[in-house]
1. Restricting the range 170-179 to residues that are more than 16 Å from the ligand (Cβ to nearest atom) and not in a loop (DSSP other than H, G, I, E, B), which is nearest to Pro106 (Cα to Cα)?
2. Within the range 154-169, which residues are surrounded by fewer than 19 Cβ atoms within 10 Å (Cβ to Cβ), of a type outside the set (A, V, I, L, M) and not in a strand (DSSP E or B)?
3. Please list, ordered by first then second residue, the pairs with beta carbon atoms under 9 Å, 6 or more apart or interchain, first in the range 23-42 and farther than 17 Å from Lys84 by Cβ and at pLDDT 95 or above, second within 12 Å of the ligand (Cβ to nearest atom) and outside any strand (DSSP E or B).
4. Could you tell me how many of the residues in the range 208-223 are in contact (Cβ under 8 Å) with a residue 60 or more places away in the chain and part of a loop (DSSP other than H, G, I, E, B)?
5. Does Trp162 fit the bill of being in contact with a Leu (Cβ under 8 Å, 6 or more places away or on another chain) and within 16 Å of the ligand (Cβ to nearest atom)?
6. Of all residues in the range 27-52 being within 14 Å of the ligand (Cβ to nearest atom) and not in a loop (DSSP other than H, G, I, E, B), which is nearest to Lys78 (Cα to Cα)?
7. Restricting attention to the range 180-207, report how many residues are part of a strand (DSSP E or B) and under 16 Å from the mean Cα position of the chain (by Cα).
8. Which of the residues spanning the range 180-212 are within 16 Å of the ligand (Cβ to nearest atom) and touching a Leu at 6+ places or on another chain (Cβ under 7 Å)?
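The values are calculated or read from the model by the stated rules, or taken from the named source; none is laboratory data. The structure displayed is predicted, hence computed values, not measured ones. Cβ sites come from the backbone with ideal geometry, for glycine too, and all protein chains shown count toward neighbours.
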Amino acid sequence: MKSSVSLLGALASVVVGHGLVTDFWINGQHEQGFLLDYYYAKKNGGSVPDIAAWYAENLDIGFVAPNEYGTAAINCHKNASPGKLTKTAPAGGSMSFYWEAANKQPWPHAQGPILSYLAPCNGDCSKADPTKLAWVKIDAAGIDYATQRWASEDLIANNNTWTSQIPAGIAPGHYVFRHEIIALHAAGSANGAQNYPQCFNVQITGSGTAKPSGTLGTALYKADHPGILFNPYRTITSYAMPGPTLFKG
Ligand SMILES: *[C@@H]1O[C@H](CO)[C@@H](O)[C@H](O)[C@H]1NC(C)=O
């Protein structure tokens, strides 16, 4: 056990690069995620293809740190801008996300929760301003106390892929789907948690009526929340999930 922890620690320190969702699926139908190539294309004067995944600069240290929770970056990552397209997703359906880490390594951080949110765009999501989006938490998976297994470990075991359900009762409309890993391997120290948010435009169809109220990105998390400033290197008997109340539609 000790050696696998230190091996993960070593991997984590090598793979400090980016982490992003390069592929996603709506009810099993493949859709293009955001590729680092698009970032370089844009930087070199080229264009980003029309996709439903948001553009973001998941570079340098590749995550949003707690000292950036008060900034726009916490919404959809750094310098994010909406994808030009919107994909249709039925209420009650599933969305799956494939995470790629630097150099196409397996996702390196096995400790931490995985969360998903929806925010209505009140119009075309390709024109959404991330600082105005009000997020409703729809999925939050932490740790299984019996097995001490984090959601992130399940993601790694499932080929770096996570599936969330769109609540069946949510009202139809245009939404930004925000999917996020919070890595806790360094979270025992102040400002050590690592948030990896990724966004996608979806038009939710169906006959749901729920319009739960959401939370602005800058109000989602606090640096000193017990689920953010958190030492994972012990037997965990309780974990306080960060973020607003889960909507169970
Ligand atoms: C994991 O998922 C990726 C993206 O869909 C795919 O390219 C790859 O073949 C998968 N690997 C395995 C072992 O299933």
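1. Among those that are more than 16 Å from the ligand (Cβ to nearest atom) and not in a loop (DSSP other than H, G, I, E, B), it is Arg178.
2. Result: Asp154, Asn158, Asn159, Gly169.
3. Asp23/Gly33
4. Step one: filter the range 208-223 for residues in contact (Cβ under 8 Å) with a residue 60 or more places away in the chain, giving 208, 211-218, 220-223.
Those still in the list that are part of a loop (DSSP other than H, G, I, E, B) too: 208, 211-214, 220-223.
So the answer is 9.
5. On the way: in contact with a Leu (Cβ under 8 Å, 6 or more places away or on another chain): yes; within 16 Å of the ligand (Cβ to nearest atom): yes.
Yes.
6. Gln32
7. So the answer is 13.
8. The answer is Gln198, and nothing else.
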